[in-house]
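Written below as structure tokens is the structure these notes are about.
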There are 4 protein chains.
Amino acid sequence: MSTVVEEEEKETGRVEAFSDGVFAIAITLLVLEIPVTHPDTVPHGKHLADVVLQQGPNFAAYLVSFVTILVMWLNHHSIFQMVRRIDRLFLVLNGFLLLLVTFINYPTALVANFIATDDERFAAAFYAGTFVIIAVIYNLLWWRAAGGMRLIGKRVPAEQVARMTRQYQFGPILYLLTFALAFVNAWASLALNGALALYFAFTGQIERTA
Amino acid sequence: MSTVVEEEEKETGRVEAFSDGVFAIAITLLVLEIPVTHPDTVPHGKHLADVVLQQGPNFAAYLVSFVTILVMWLNHHSIFQMVRRIDRLFLVLNGFLLLLVTFINYPTALVANFIATDDERFAAAFYAGTFVIIAVIYNLLWWRAAGGMRLIGKRVPAEQVARMTRQYQFGPILYLLTFALAFVNAWASLALNGALALYFAFTGQIERTA
Amino acid sequence: MSTVVEEEEKETGRVEAFSDGVFAIAITLLVLEIPVTHPDTVPHGKHLADVVLQQGPNFAAYLVSFVTILVMWLNHHSIFQMVRRIDRLFLVLNGFLLLLVTFINYPTALVANFIATDDERFAAAFYAGTFVIIAVIYNLLWWRAAGGMRLIGKRVPAEQVARMTRQYQFGPILYLLTFALAFVNAWASLALNGALALYFAFTGQIERTA
Amino acid sequence: MSTVVEEEEKETGRVEAFSDGVFAIAITLLVLEIPVTHPDTVPHGKHLADVVLQQGPNFAAYLVSFVTILVMWLNHHSIFQMVRRIDRLFLVLNGFLLLLVTFINYPTALVANFIATDDERFAAAFYAGTFVIIAVIYNLLWWRAAGGMRLIGKRVPAEQVARMTRQYQFGPILYLLTFALAFVNAWASLALNGALALYFAFTGQIERTA
């Protein structure tokens, strides 16, 4: 009996470690998308300080994406603290989640580059849209684990699972809102994305398999 | 007796962790090869949406390579769950495997850039050819571990090893097919690569050292 | 009782592993900001050796940032050896710390590019300013953990915690000095940053939860 | 007594994991230095296959650096299997080792870009010179650990330590040879670097703390 439990934990452990690695790398690569000014590209009569100030959208997008990925990692952490077994579909869903987490780099750079142009709404919608899909996949992943307590550890209380299920349902709705907002105002959509990430960072529960 | 087993597990553990790191980084770097449009490079009269749509091949190649590396990681995982000892040749073969896994970035970018040009068949063949070599190295790695049960844990049933050996033999053959197909039609070869990765992702067994 | 302790260690362990991953990636990405010369960009009549020598500021900034991040990692390590529990605010502060650690890449490239130009003081101040903020966040993180021994392990002696608190207070002051110095002389500020990092690397204590 | 041993292993473990991360990232980033051709940069009348073939030096440098870093990781692994304690100087030396391991990316790109130009000998010497310094630091690191059995585990036989000491002395001499050879013939120096790495990969011992 005890051996089976250890076996399960080990199995989860390596998927967790691999996912952690992907999260850590994705969050660190974000900085590479902030273009570094060279002396040759500073316009005549301008100072470096002006150029750096003009990169405001890059810093804003960097900040929002960083905090969002950090919150996703915390969520991923919470899920895996309750999950003790894995199955094929759970692994595949986790894989698609990682696919989109690594992809965030691209819409982040897009929104940073196009926020003050005619194309800013498309860029902001593309950015928010990525988060909508991620929120949906998080729900699918959680549904696969928690449906009928399929992959959940035996000592995890049912009410804790139910609370998590309720929390997760808001994700897609809130991100659909930022998606819709992008077509009205790109800045407002980006700001709402940031506010959501900060809100989740400060209020999200640290789940424990007490 | 018990000490020897622990010693073996520790030895495998660090190679596994290092390999996991390389897989995680290689899979995350893929996104850097999708070029991010700048406002200056959007052609006059075109919108960002048009440019992003034209990047279809980049997204397709990204998706196929991501899922392929993910499946490779799952396979690597399966091998190391049965392996308990390591020897020098096994380490060297694992090293060459990692070499090619990190290399995938390059043919992925090549096929994304050249798929709609005169050179598309060369690019697709180069891409599929990389996977042929990887599939061959996987077989060598597995043969080194499983031949005469050389590095396999004592509690792993022989039939499980035999099933794995049979499965692995199909890899090089299937990828040779995508390689040959590249000379006929680059898109078809890329699509078959993607189909294979998805098929393996959904059907591959999660081996356990039960 | 024993179960609770294990639970706590596991919790800390994953935040630690994720942070380590971010530190390791941030420190390794630094090299990508040293531009690699191509034969086409070597000025006529010059040799590669001349161009590489002219990249002195890039190497210097690389060295200073590398040693600084390494020292930060050692500090992070020391904190987590005393911390046994985590709470939400501690996690958020740790997240902001990682945000700034990954960001170091950008001011490093800035200072390397602009050190011999009219903008060198702004670049050096931006660089040193990043370290001021990081030093402040380290103090906040430590205050959150050590205030009232909130998250500290029960077996950690109070004097060890007090010594750490005293040491950490110097960080923001010393980096404010390098920040102020940047407005006088960019090179001197960079050199002081390097000297501080080397000093901390050689003298910092290896804290143990003896 | 038993507690002390556990404490020591934990201490070594985190430095080991951090170093492993840096090795894994450095080895994976190498591929980013192979420039990916775009349809616009293929010269008129030429095919992609020609361009890829002309990138031979990039592939060769990639291969040599990859195998060299892999061998360094194996050596690092061997050292840490015998080391049970760490001290400040050991940590600093390990830090400088990691600094140079992450740096390898730069001379690799340099040698790939300049191998068929007038500057090829400088590039090859810079490349080999980096390995000379790394080999010296490996000796310092090992001397710090093994001198008077300072940081070595109690169960490691003295003859195993002595054998390692003898092996390590050859490193700097052999790499000084590739350094000197670079001034005569860049290709020969690169080839010798590759041969050394392959030789070490196939013959190096897998040290165990039996």
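Each reported figure results from applying straightforward, stated rules to the coordinates on display, with no laboratory input. For clarity, every value in this text was computed on a predicted model and none was experimentally measured. For neighbour counting, all protein chains shown are included, and Cβ atoms are generated from backbone atoms with ideal geometry for every residue, glycine included.
Details
- Among C:ASP40, C:ASP87, the ranking by other beta carbons within 10 Å of each residue's beta carbon, starting with the fewest, stands as C:ASP40, C:ASP87.
- Ordered by the count of other Cβ atoms within 10 Å of each Cβ, fewest first, B:ARG85, A:ARG166 give A:ARG166, B:ARG85.
- Where only DSSP H runs of four or more residues are counted, chain D gives -26000 deg cm²/dmol as its mean residue ellipticity at 222 nm, each run worth -39500 (n - 2.57).
- With the simple model of a label 7 Å out from the Cα in the direction of the Cβ, B:ALA162 to D:ASP118 spans 6.9 nm.
- Each of A:THR102, A:GLN54, A:VAL132 was scored by the projection of its Cα onto the charge dipole of the range A:2-203, and the greatest displacement toward the positive side belongs to A:VAL132; charges sit on the C-beta of Lys, Arg, Asp and Glu.
- About its Cα centre, the range B:1-123 has a charge dipole of approximately 60 debye under the convention of +1 per Lys or Arg Cβ and -1 per Asp or Glu Cβ, with nothing else charged.
- The phi-based Karplus calculation (6.51 cos²θ - 1.76 cosθ + 1.60; θ = phi - 60°) puts the 3J(HN,Hα) values of the range B:140-153 at 5, 4, 5, 4, 4, 6, 9, x, x, 6, 3, 10, 7, x Hz, whole numbers, x for Gly and Pro.
- Taking other C-beta atoms within 10 Å as the exposure proxy, A:VAL71, D:VAL83, B:VAL31 rank A:VAL71, B:VAL31, D:VAL83 from fewest upward.
- Magnitude of the charge dipole for the range C:74-125, about its Cα centre and with charges confined to Cβ atoms of Lys, Arg (+1) and Asp, Glu (-1), is about 460 debye.
- Across identical copies of the chain, B:ARG166 has label-point separations of 5.1, 5.1, 7.2 nm, listed in ascending order, with the point defined 7 angstrom from Cα along Cα→Cβ.
- Gyration tensor verdict on the protein assembly as shown (Cα atoms; rounded if a/c is under 1.5, prolate if a/b is larger than b/c, oblate otherwise): rounded
- The 3J(HN,Hα) values that the Karplus relation (6.51, -1.76, 1.60; θ = phi - 60°) gives for the range C:89-102 are, in residue order, 5, 4, 5, 5, 4, 4, x, 5, 4, 5, 3, 6, 5, 5 Hz. Gly and Pro appear as x.
- The range A:25-102 versus the range B:64-94: alpha-carbon centroid distance in Å: 28 Å
- 3J(HN,Hα) along the range B:120-135, derived from phi through the Karplus expression 6.51 cos²θ - 1.76 cosθ + 1.60 where θ = phi - 60°, amounts to 4, 6, 4, 4, 5, 5, 4, 4, 5, x, 4, 5, 4, 5, 4, 4 Hz, with x in place of Gly and Pro.
- Ascending list, in nanometres, of distances separating the C:LYS46 label from those of the other copies (7 Å, Cα toward Cβ): 2.4, 2.4, 3.5
- Assigned charges on the beta-carbon of Lys, Arg, Asp, Glu; the protein assembly as shown dipole about Cα centre (debye): 2340 debye
- Pseudo-label separations to other copies for C:ASP87 - Cα-to-Cβ vector, 7 Å, nm: 4.0, 4.0, 5.7
- Cα gyration tensor category, rounded, prolate or oblate, for the range A:126-165 with a/c compared to 1.5: prolate
- Rh (Kirkwood; distinct C-alpha pairs) - the range A:1-129, Å: 17.1 Å
- Rel. contact order, % - alpha carbon contacts under 8 angstrom, at least six apart, the range D:2-203: 26 percent
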